[in-house]
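Student: Can you keep this structure in mind? I'll have questions shortly.
The values are calculated or read from the model by the stated rules, or taken from the named source; none is laboratory data. If you're wondering where the values come from, they're calculated on a predicted model, not measured in any experiment. In this analysis, Cβ positions are derived from the backbone assuming ideal geometry, glycine residues included, and neighbour counts consider all displayed protein chains. Note: areas computed on protein heavy atoms with side chains; ligands, DNA, RNA excluded. Shrake-Rupley method; radii C 1.70, N 1.55, O 1.52, S 1.80 Å.
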Amino acid sequence: MIVTTTPTVEGYPVTQYLRVVCGETIAGVNMFKDIAAGFRNVVGGRSESYERELIQARETALAEMTARAQELGAEGVVGVDIDYETLGTDNGMLMVTASGTAVRFSPMQ
């Protein structure tokens, strides 16, 4: 399955727009990651634990979106957009959503 942020795929004209598909995930960040990130914030550097959490959340949202497109018989998802939000009273949760348009297309002859 082709998944792209662009509205078209070169060499594959869209023959049918099926519908908008989405994938969502919410990840909580635990106390130990908060402590490590706080330390990194003071001394500088990257917070690898937060980065890993972010990557995992994004990949989960994309996988859910792709699975929903496959259930519709789609051959691709175009116009993909990924959004990030923090949730909770202390912003301790990360929500990642991926959305796009499930399509069918045919290769150019």
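Student: Sort L87, L62 by accessible area with a 1.4 Å probe, largest first.
Tutor: Largest accessible area first, the residues go L87, L62.
Student: So if we plug the beta-carbon distance of T89 and R52 into 1/(1 + (r/R0)^6) with R0 = 25 Å, what FRET efficiency do we get, rounded to 0.05?
Tutor: Efficiency at R0 = 25 Å is approximately 0.55.
Student: What are the semi-axes of the equivalent ellipsoid for the range 67-109, taken as the square roots of 5 times the Cα gyration tensor eigenvalues, largest first, in whole Å?
Tutor: Rounded to whole Å, the semi-axes are 33, 10, 5.
Student: Quick check: with the 1.4 Å probe, what order do E64, E53, E85 take by accessible area, largest first?
Tutor: Result, largest first: E85, E64, E53.
Student: Can I ask one more? To the nearest 0.05, how large is the calculated FRET efficiency for T6 and A67 if R₀ is 25 Å and r is the Cβ-Cβ distance?
Tutor: Step by step, r from the Cβ atoms, then E = 0.75.
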